Each structure stands twice: as C-alpha cells, then as structure tokens.
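Notes follow once the structure below has been shown.
The values are calculated or read from the model by the stated rules, or taken from the named source; none is laboratory data. Please read these numbers as outputs of a predicted model, since none were measured by experiment. Positions of Cβ are generated from backbone atoms using ideal geometry, with glycine treated the same way; all protein chains shown enter the neighbour counts. Each accessible area value is taken on the protein alone, full model and side chains, heavy atoms only, with ligands, DNA and RNA left out. Shrake-Rupley method; radii C 1.70, N 1.55, O 1.52, S 1.80 Å.
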Amino acid sequence: MKTIIEPFRIKVVEPIRLSTREERKSLLAEANYNPFMLESEDVIIDLLTDSGTSAMSAAQWSAIMQGDESYAGSPSYQRFKKAVKDLLPFEHVIPTHQGRAAEHILFSLISGEGKHIPSNTHFDTTRSNIEESGATAHDLVIPEGLDPADLHPFKGNMDTDRLREFLAIHGSETPCIMLTITNNAGGGQPVSMANIAAVSELAKEFDIPLYIDGCRFAENAFFIKLREAEYQNWTVPDIVHKMFSYADGMTMSAKKDAFANIGGWLAVNDAQLAERARTRLIQIEGFPTYGGLAGRDLEAIAQGLKEIVDENYLTYRLRTTAYIVEKLQALAIPVVQPAGGHAVFVDARAWLPHIPPLEYPGQSVVCSLYEMGGIRACEIGTVMFGRQPDGSEQAAPMDLVRLAFPRRVYTQSHADYIVEVFTELSAEKEGMRGLRITKEPAALRHFTSRFERL
Ligand code: F0G
C-alpha cells in the first residue's frame, strides 16, 4: 500500500475548542502579538513545539504505574539507565528534569570566561547557557545549511574546514565541540554519519571532547538510513549506537525523541567529570538516581526510548513534514527543503519580501497563522537570534517560521487544515505587516517580548 497511515489507534482524546477569526484577532492583540502569551485552550492546532507535547502510548502510561518514588536507589532509575545504555554507548547517565538542565550542568563545569564552543548550530538554551558562563558560542554549519532552497541531504552538517580553522585559532580555549542532531535552529536538518565521524576525527586531533546534543537522535538516525547508502540495511538502534560511539558525551531532552512530557539527561564517559556533574546535580536538581524527575517520569522515558526507534513510527513521522512541505511548495510558499524531521520551516523572509528583517517577517507570519486559522507556530529568526550580546540588533541569517509537530498527536486531516490555512493566507499576503518590539527582556526575548503591528 502506498498510503502511509498513522501507525496507532486513538484511545484517549482531548477536545479542541474551535474559535472564530474575530475572537482570535482580539486574543492575539491581548497577547501583544506574541503567541507564547496565548492560552493553549485558545489554540486550534498547536505547533509551537514538539517538546514535551507527545502523546504517550498505553505501554508508557502503564509503565508510569511502576514508578518507584524512592529518594535513592529506585528501580525506576535502573530501568531508565538500562534503556539509555541499550541505545547509547555512554558510561555515566545523569538524569535531569529537561535538556537545558543537562546543558547548564555541563557548561557550568567545563565552560567559562574566555572560552569558545563551536557547534553546527547551538539551540537557543544551549547558546544562552554557554554565554551565561562567559564563553562565546559559534555556529559553523555548512553554507548549504543556511540556504533554505538548497537540496543537500544533510544540511545540518558541520563545516569541517571552518572547524579546522577555528580550532587552529581557538583550540586551546575550546573545552568541547558540540553537534546538534538534528539541527533544530537550522531547519530540523540531519547530520550525516560521515560528518559525525569527520568532526570526531578533528576533535581527537586537537584533543577536545565531542558532545552531541541528541534531542532528535532517532529522526537523525532514520535520515541516515534513508540517505546514506552505506546504512540502508542497518537497524535504527545500530545506527544510533554508531552515531554516538564517536562522542564523549551527550545532552538530551527526553521531551523530544523519548516520547516523554518531561525529562532529560547528561551522559559522559569521563568518570571525573561525571562525579563533578553529580555533585552539581544534587545542588540544583536532585539525587543522582532521580535528577529532577519523579520515578514515574523515568519509567515513561525508558518505555519511550523503546518505541522511538520503531521504523513504522519514523516513516510516518518523516512523512508528516514531507507531506506538508510538498503541499506548501505547490502553493509557491518558500519552505526549507528538504523537509526536516520534527518541523516544517517556512522561509518568511523570502515569502514576504515587503517586510524587512528588522520588522520581523517571521513574527508577522506567526501572527497571521493564528488569526486566520488558530494555528500556533514559532518564529526562528531575527526575533529569536537578532539581539547581540552588546545589546545591538542585527538580522538573523534566516527568518523562518517553525511548525513543529508534537509526536503522535495530529492526523492527516489536521495537516490538510494547516495547508488550507496557508492557501487562504497566500491570497492576503500583500496585506501582512511587520512588527516592532515595545518591551523586551535582557535574554531569550522571543518568549516574553511584546510587539505592536506597524
Ligand atoms: N537542544 C535542542 C536542539 C532543543 O531543540 C532543545 C529544546 C533543547 C536543547 C533544550 O531542551 O527544552 O528539554 O530544556 N527545544 C524545544 C523546542 C524547546 O521547541 O525546540 P529542553
């Protein structure tokens, strides 16, 4: 059969409240044109993030009842640790309440004033944790990764020539090299096995540890299976294992590719670093056998990790984004190609050339999507990345709008509805206006800034 169906049945449902365009217009104004400020009950299709929004399976809910809430030595931790180690070849697994806590612990130990940390593209919390420690974060993705229309199969790859030049200059001040897989901020694009190997080789040459931000590791592994000929007959767990065998450690948000609503971990091979991390963990998260989590959360993650590497699930997962990208292209809406794993990225700068980057074309699309169809999406562009450490403002490399898909939550008719909303917006796009910021915080401004339409 050619139709790729959702490989699950629905056992529990959550009603969606349908609203009118008039209603949404005033709700958006009340939220100061920042959809992060909307009540989720006022949203029809919530594509703000794929993080923590997955539908859990019956097996996960059932595992939750096995959660042992002991302060120390819980069997839930043992099951969590085994599930992580079955997939990922790391010695020490330190549970945290989410990915950014793992980043915070890692960078509070290895980063600091005067240091430099390169990545293909740091995600916003990673960058912020690095900068808070006094270090500088650098993005060295391949040039194709910055061209939304380029069809390179692994647009998340690190530019290894630039990395070599970078290390020749900053090597002695580089406590680690990071690789984000898939490359969320750059369009959910995968990193190839060959690139992971090449980065690892450079890391070894300069004697610098390599850490992988592995939030969407299963999607990345499946892209490798589909696009890197050598791996077409490999199982997904074997590909995952090989990807991480090149690294010295990883940070992880279990809210993505572990189907959990909360959770994360820091995994390392270095025993001394692990000990320091556990001490820090006790200070800010909790005892090393639960981190910042309840025993039941550890159980949900352990079961989720078994489900995430299922090829039928991953086939459906990658088809969701590819399906919408095909339909948007047919409407002549510029999108990041090829389709990424967890999200569809609309190139707002190219779609709305009448709105200059410093008037936030991405935010304009985000607002219109909500008004027109009650769809909540997220700007990944000049609002998110435009503010410089010295307080000035610059256009980000791209102005994208991310439609991120919660795992196992929406169906094909939801996808068709999203396409219909874009069809209607296309007809009105000349009238879409830019915005200006009327109030912004000192960091991570996209979450809480207030806007006004120009
Ligand atoms: N790294 C990447 C690549 C991420 O996408 C995220 C979160 C994190 C780290 C931090 O993990 O949320 O568990 O603390 N990304 C979410 C998103 C928030 O919407 O893309 P966390």
Eligible lysines near Lys255 by straight Cα distance, threshold 25 Å, same-chain separation 8 or greater: Lys11, Lys81, Lys82, Lys85, Lys155, Lys225, Lys242, Lys306
Candidates per chymotrypsin sites (Phe, Trp or Tyr not before Pro) in segment 16-94, loop by DSSP, up to 11 other Cβ within 10 Å: Tyr71
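Return one whole number: the accessible area per residue of the chain in Å², for a 1.4 Å probe. Intermediate results must be reported in sequence, preceding the final value.
On the way: 18710 Å² over 454 residues.
Ligands and nucleic acids excluded, the result is 41 Å² per residue.
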Rounded accessible area of His241 (nearest 10 Å², 1.4 Å probe): 80
Spatial separation of Cα centroids for segment 409-449 and segment 299-332, in angstrom: 22
Residues of type lysines that Lys439 reaches as a straight line, Cα spacing below 28 Å, ignoring anything fewer than 8 places off in the same chain: Lys25, Lys429
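Evaluate segment 26-128: find the radius of gyration of its Cα atoms, find its Kirkwood radius, and give the ratio Rg to Rh.
Numbers: Rg = 19.1 Å, Rh = 18.0 Å.
Rounded to two decimals, Rg/Rh equals 1.06.
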Segment 2-53: GluC sites (Glu not before Pro) in DSSP coil with no more than 15 other Cβ atoms inside 10 Å: Glu39
Length released on extending from Ser413 to Glu311, taking residue separation times 0.36 nm less the Cα-Cα span: 34.5 nm
Using θ = phi - 60° and Karplus 6.51 cos²θ - 1.76 cosθ + 1.60, couplings along segment 4-14 (whole Hz; Gly, Pro as x): 8, 8, 5, x, 7, 9, 9, 10, 10, 10, 10
J(HN,Hα) series, segment 331-347, from Karplus relation 6.51 cos²θ - 1.76 cosθ + 1.60, nearest Hz, glycine and proline x: 8, 6, 8, x, 10, 5, 10, x, 4, x, x, 9, 7, 9, 10, 8, 7
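Could you order peptides 253-260, 397-404 by the average number of other Cβ atoms within 10 Å of their residues, highest first?
Working: 253-260: 28.4, 397-404: 26.0.
Order by mean packing, descending: 253-260, 397-404.
Could you put Leu151, Leu87 in order of accessible surface area, largest first, with the 1.4 Å probe and the full protein assembly present? Please report the intermediate quantities before stating the final value.
Values: Leu151 115, Leu87 10 Å².
Largest accessible area first, the residues go Leu151, Leu87.
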Inter-probe distance in nm under a simple model that places probes 7 Å from Cα toward Cβ, at Glu14 and Ser245: 3.9
Residues listed by number, segment 410-452, amide nitrogen under 20 Å from Gln388 label point at 7 Å toward C-beta: 437, 440-446
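Of all DSSP beta bridges in the chain, what percent run antiparallel (nearest 5)?
Working: 26 of 39 bridges.
Of all bridge pairs located within the chain, approximately 65 percent are antiparallel.
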Carbon/sulfur fraction of accessible area - segment 180-316, other protein chains in place, 1.4 Å, %: 47
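Figure the gain on full extension for Ala194 and Ser172 (residue separation times 0.36 nm, minus the Cα-Cα span) and round it to one decimal in nm.
Length gained between Ala194 and Ser172: 5.4 nm.
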Ala58 paired with Tyr71, simple spin-label distance in nm, labels 7 Å along Cα-to-beta-carbon: 3.9
Segment 263-364: radius of gyration over Cα atoms, expressed as a fraction of 2.2 N^0.38 Å: 1.65
Glu131 accessible area, 1.4 Å probe, all protein chains in place, Å² to nearest 10: 80
Computed FRET value (nearest 0.05) for Ser26 with Leu146, which takes r as the C-beta separation and R₀ as 41 Å: 0.60
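Looking at segment 3-47, which trypsin sites (Lys or Arg not before Pro) are in a loop (DSSP not H, G, I, E or B) and have at most 13 other Cβ atoms within 10 Å? Don't jump to the answer; show the numbers that get you there.
Values: sites: Arg9, Lys11, Arg17, Arg21, Arg24, Lys25; in loops: Arg9, Lys11, Arg17.
Passing sites in segment 3-47 are Arg9, Lys11, Arg17.
Report, in deg cm²/dmol and to the nearest 500, the calculated mean residue ellipticity at 222 nm for the chain, where each DSSP H run with n ≥ 4 adds -39500 (n - 2.57) and the sum is divided by the residue count.
Working: 17 runs with 186 residues, N = 454.
Dividing the helical sum by the residues of the chain leaves -12500 deg cm²/dmol.
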Cα pair distances of the chain binned at 20 Å [whole percent]: 26, 59, 15, 0
